[in-house]
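As structure tokens, the structure follows; a few thoughts come after it.
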Amino acid sequence: MSTLPLRIGHGFDSHRLEAGEGLRLGGVWIACDWRLVAHSDGDALIHALCDALLGAIGGGDIGRLFPDTDERNKGLDSSVFLREVMRRVAAAGYAVGNADLTLIAQVPRMAPHAAAIVATLARELGVDPSAVNLKAKTNEGMGHLGRKEGVAAHAVVLLQRVSHAPSV
């Protein structure tokens, strides 16, 4: 296990969109005319964040921990994934310094939901909301994201060593 004082991780995720009655992004339910197509709830922001956290500790990726071939993960709230990943981050002796997330989606509009998403993710990460930054971008009508066929998310995290890893 690494003893580096700082670790950086990057994550990416994307999911298809289709007509529906709402979706979950960043742990927040958004009532809209769309839904995410996925085995779990399809929360691309949390999935990208989980991969960034796992990458920072050298822990693989979310698909290894929660495969889409496992029926126990069907329709599951992705906050469950994030809590398990955070348990692993703590077990490795690290805490989140900050997280920077970018959502690329033509729909839904994110501005009305940004503060709730930041607050929710900050709580899950155990940090002050000022340590979570969320940017939402449209794809200016270009490509599959611009045609409202999907959403994509990137996440970058900085972890700080807080102690030697406890025995798990």
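Answer yes or no as to whether Ala48 is surrounded by 14 or more Cβ atoms within 10 Å (Cβ to Cβ), over 12 Å from the mean Cα position of the chain (by Cα) and either among the acidic types (Asp, Glu) or within 14 Å of Ser14 (Cβ to Cβ) (or both). I'd like the intermediate steps shown before the answer.
Values: surrounded by 14 or more Cβ atoms within 10 Å (Cβ to Cβ): yes; over 12 Å from the mean Cα position of the chain (by Cα): no; either among the acidic types (Asp, Glu) or within 14 Å of Ser14 (Cβ to Cβ) (or both): yes.
Answer is no for this residue.
Among the listed residues Ala99, Ala111, Ala116, Ala95, which satisfies the condition of being under 17 Å from the mean Cα position of the chain (by Cα) and farther than 22 Å from Gly55 by Cβ?
Going through Ala99, Ala111, Ala116, Ala95 in turn, just one is under 17 Å from the mean Cα position of the chain (by Cα) and farther than 22 Å from Gly55 by Cβ: Ala116.
Mind telling me which of the residues Val85, Val96, Val89, Val132 ends up being modelled with pLDDT of 95 or more, in contact with a Cys (Cβ under 6 Å, 6 or more places away or on another chain) and farther than 29 Å from Ala19 by Cα?
Result: Val85 is the single residue among Val85, Val96, Val89, Val132 that is modelled with pLDDT of 95 or more, in contact with a Cys (Cβ under 6 Å, 6 or more places away or on another chain) and farther than 29 Å from Ala19 by Cα.
Limited to region 20-74, what total is found for residues that are farther than 19 Å from Val107 by Cβ, without any contact (Cβ under 8 Å) to a residue 40 or more places away in the chain and out of contact with any helix residue (DSSP H, G or I) (no Cβ under 9 Å at 6 or more places or on another chain)?
Residues that pass the stated criteria total 6.
Please specify each residue of region 77-119 satisfying the condition of being buried (at least 19 other Cβ atoms within 10 Å of the Cβ), over 27 Å from Gly146 (Cα atoms) and of a type in the set (Val, Ile, Thr).
Within region 77-119, Val85, Val89, Val96 meet the criteria.
Which pairs have Cβ atoms under 6 Å, sit 6 or more apart or on different chains, and link a residue in region 126-140 that is over 17 Å from Tyr94 (Cα atoms) and buried (at least 16 other Cβ atoms within 10 Å of the Cβ) to one that is of a type in the set (Asp, Glu) and at pLDDT 95 or above?
Partner pairs satisfying both residue conditions: none exist.
So, of the residues in region 1-27 that are of a type outside the set (A, V, I, L, M), loosely packed, with under 13 Cβ neighbours inside 10 Å and closer than 23 Å to Ala90 by Cα, which turns out to be modelled with the lowest pLDDT?
Only one residue tops the list, namely Thr3.
The values are calculated or read from the model by the stated rules, or taken from the named source; none is laboratory data. On a predicted model such as this, the values are computed, not experimentally measured, just so you know. Cβ atoms come from the backbone with ideal geometry, glycine included; neighbour counts cover every protein chain shown.
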